[in-house]
Every structure is written in structure tokens, then in C-alpha cells.
Amino acid sequence: MAEMVDIELIAIGERLRAVDQDHVAVIADSIRQCGRVLQPITISRTFATRDALRPELTLVAGAHRLAAAKLAGLDVIPAEIVDDIKPLQAKLIEIDENLLRHELNPLDRAVFLAERKRIYEELHPETKHGAQGHNKGKNENDTMSFSKDAANRLGFNPRTIERSVKIATSLSPEVRKNLVGTELSKNQSELLLLAKQEPDAQIKIVELILDQKHGVKSVKAALERTSGKPKVVADTTQAEIKKLMDAWRHSGLTARRTFVRELSAGDRLLLQDLLDMATPDAEEAA
């Protein structure tokens, strides 16, 4: 249940996403018209010591609403309070709220999902780097992949999640910083093509597109201008895929059945996740 909290007592802390002042102004106008904040923010409450008289209040989710409430001249704001929450759990709440509100462009969504993946793997180390199935006694819930967990919680297609994480992890920090607020940050296809290029090439491509005097408006056009054709980073996984496919194709039915039977519960779950992700998206089939 929400409580009214003194705005000045709430510490902001480091945020994954910078506050958009234009968005804050829109929310502030709505607050002035309604006279209050309609959607409570989320804050954590901790006591520095057992005998501390006043708790420390830290924002978990709702940075834009908090900034808008200040801009609208409010002294208090409704807040859902969680006690003694761990930093990683607080960060996960912040990320999920932003993702669920669907206010993110493809670049922001990619950054949030990549950070969510990092936190998820830290909270569930057994799922990191394909660790599923190493311990046959684990419960299937413990070995659930990040993509499936995020899809269940956020309503995204697992393939969309994989693509977004690929974008965030393949683009250099400098390139991501330069893309913030640009039209390119709103185009997932362009971001995916950019993410496939070498880091040095990414910087040149973005500089070429952002420098409007060159008249280059797409990653493909920039690639054609700089190298004559799109250059994709060599993917070592292709060789591994070929080995797996060759081994499967040259195996008899008995060997295939034995292979599947020998898979652990975790490996079976991982295989099912991969099969789900291999199913074409509705948007691709259209």
C-alpha cells in the first residue's frame, strides 16, 4: 500500500537511464491538472544501524515521476515502500518497470535488457554461459534461461530479447553514447547491422551518419561509402554449428535417441528454449 513520503527525504542514487527533461515537463503538467501523482513510485527503506531513528529512503523506480513532482511544486509523493531490499534486486525492479512501461526506444531497451541479463546471471550463476544441466539435481526453475525468464516476466518474444542483448553488448560504449537521442537509436534493424561491424568501423559509421553534410542516413549507405560493402565480424560460432550439424546428420537413429536420452533436465530445458527461439516471429512471417 502506498504511503505519502516527503520528497526531500528521497535519495536518487545512480540511474541506468538519464531523466528526460521533456518527458518530465509533460508529466509535471499532468500532475498540475490532477493535483497529485497518480502512479506511486517505489523506494527502498533501510536503517543504517539498528538504533537509527530515521531510515534511509532511496529511489528504486519512478525517477521521471519524482522529478515531475518536484517540478510541479509538490512536497510529498505517493510511494510503495520495500524494506531491506538488496542492491541487485532494486536495480532489477528499476529495469523491469522501465521495460514494462514501453517508453524505451530500441537502443534504450537493448541497454536495459543487457543489464538485466548481467544482474540475472549474477543472481542465478547456474544459468551463466550455458551452465544449465551441469548439476542434474537442480530444479528446472533454477536452470531457466535468462531469455525465457525475461519473456515470461516482460511479455517480449525471446528472439527480441536475444537481439536486444546482442545490440547492447556488441556496440562500444562510445558508440552507444553518441547514438543517444538520434534517429538511429530508434531503428532496431539499423542497430543490428551496426552491431555486426568491428568497433573501429562502428565509430566511423556513426560519425558519418551524424555529420549531416555527407548526406548518409543509413548504416548500409555508410558502409558502402567507407568500404564498398557491408563487412560482418567473423563469427566463430558458425564453425561450431557446422560441426554439430555434421555430427547429427551422420548419426543413426539409435545414436540420436541415445544422445537425447542422456541429456540432463537442464540441457533439455535449454534445448527447448533454443527451439522456441528458432520459431519465426509473427512479424517475420508476415
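The values are calculated or read from the model by the stated rules, or taken from the named source; none is laboratory data. Quick caveat, the model's predicted, so the values are computed rather than measured. As a convention, Cβ positions derive from the backbone with ideal geometry for all residues, glycine included, and neighbour counts pool all protein chains shown. For the accessible areas, the whole protein counts, side chains as well, though only heavy atoms, and no ligand, DNA or RNA atoms are used. Shrake-Rupley method; radii C 1.70, N 1.55, O 1.52, S 1.80 Å.
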Exercise. How much net charge surrounds residue 256 when only the other residues with a Cβ under 13 Å from the Cβ of residue 256 are counted, with Lys and Arg +1 and Asp and Glu -1?
Worked result: +2
Exercise. Which value in nm describes the separation of the simple spin-label points at residue 30 and residue 214, placed 7 Å from the Cα toward the beta carbon?
Worked result: 3.9 nm
For this session: Pop out the carbon and sulfur fraction of the accessible area of the stretch 1-41 as a percent, whole number, probe 1.4 Å.
Result: 50 percent
Exercise. How much length is gained on full extension from residue 275 to residue 18, taking 0.36 nm per residue of separation minus their Cα-Cα distance?
Worked result: 88.9 nm
For this session: Provide the net charge surrounding residue 186, with neighbours chosen by a C-beta distance below 11 Å and charges set as Lys +1, Arg +1, Asp -1, Glu -1.
Result: -2
Problem set entry | Overall dimensions of the stretch 1-98 as given by Cα atoms, namely Rg and Dmax in Å | 13.4, 42
Problem set entry | Flagged links, alpha-carbon separation over 21 Å, of 91/148; 86/166; 91/196; 86/117 | 86/166; 91/196
Problem set entry | Residues in the stretch 88-122 that a label on residue 182 would reach, taking backbone N under 17 Å of a point 7 Å out along Cα→Cβ | 105-111
Exercise. Tell me, in nm to one decimal, what length is gained between residue 262 and residue 152 on full extension, where the rule is 0.36 nm per residue of separation less the Cα-Cα distance?
Worked result: 36.8 nm
For this session: Under 12 Å from a label point 7 Å along Cα→Cβ of residue 4: give me every residue in the stretch 62-85 with its amide N that close.
Result: 75-79
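What value does the stretch 175-220 have for Rg/Rh, both radii from Cα atoms and Rh as Kirkwood defines it?
Ratio of gyration radius to Kirkwood radius for the stretch 175-220: 0.91.
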